[in-house]
Amino acid sequence: MRGVEPHTDGRTAGPFGSRLVGVGIGLGAFVVFVMLPFLIPITFYVVANVYAAIKGTTFSSDTANTGVVLTLLVFSVALFPVGLALAIAFLGRVLSPKRRRA
């Protein structure tokens, strides 16, 4: 059976360790999830207006491509949750402690 290694961080993380970092990441994720109902329609509105300006159409006419508009809607809806998951995965990988070989 392996012995338990002593605490070797030298108290450099402070009295609360990395708990404050975890709470900060959790609060950031919570804020993003609370803002999603507001960010998704605004993002789609901006993307649709850019598409209309480039294409030179209005969405009330038949000149807009329905497939493109639906694809833009799917991408604007999926952008924020996927981006949040990637940010959390990246931060989790960066903040995870390095394993030491005995």
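Values quoted throughout were computed directly from the atomic coordinates according to the rules given, and no laboratory measurement underlies them. What you see is a predicted model, and the numbers here were worked out from it, not measured in a lab. Here Cβ is always computed from backbone atoms with ideal geometry, including for glycine, and neighbour counts include all displayed protein chains.
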key: In Hz, Karplus ³J(HN,Hα) per residue of segment 70-76 (6.51, -1.76, 1.60; θ = phi - 60°; x = Gly, Pro)   = 5, 5, 4, 5, 5, 5, 6
note = Rounded to the nearest 0.05, FRET efficiency between residue 42 and residue 21 (Cβ-Cβ, R0 25 Å) equals 0.25
message = Amide H of residue 65 versus every other amide H placed in the peptide plane: which residues, excluding those fewer than 5 positions away on the same chain, fall under 5 Å?
response = none
key: Sites residue 51 and residue 91 - FRET efficiency at Förster radius 30 Å, r taken between beta-carbons, to 0.05   = 0.40
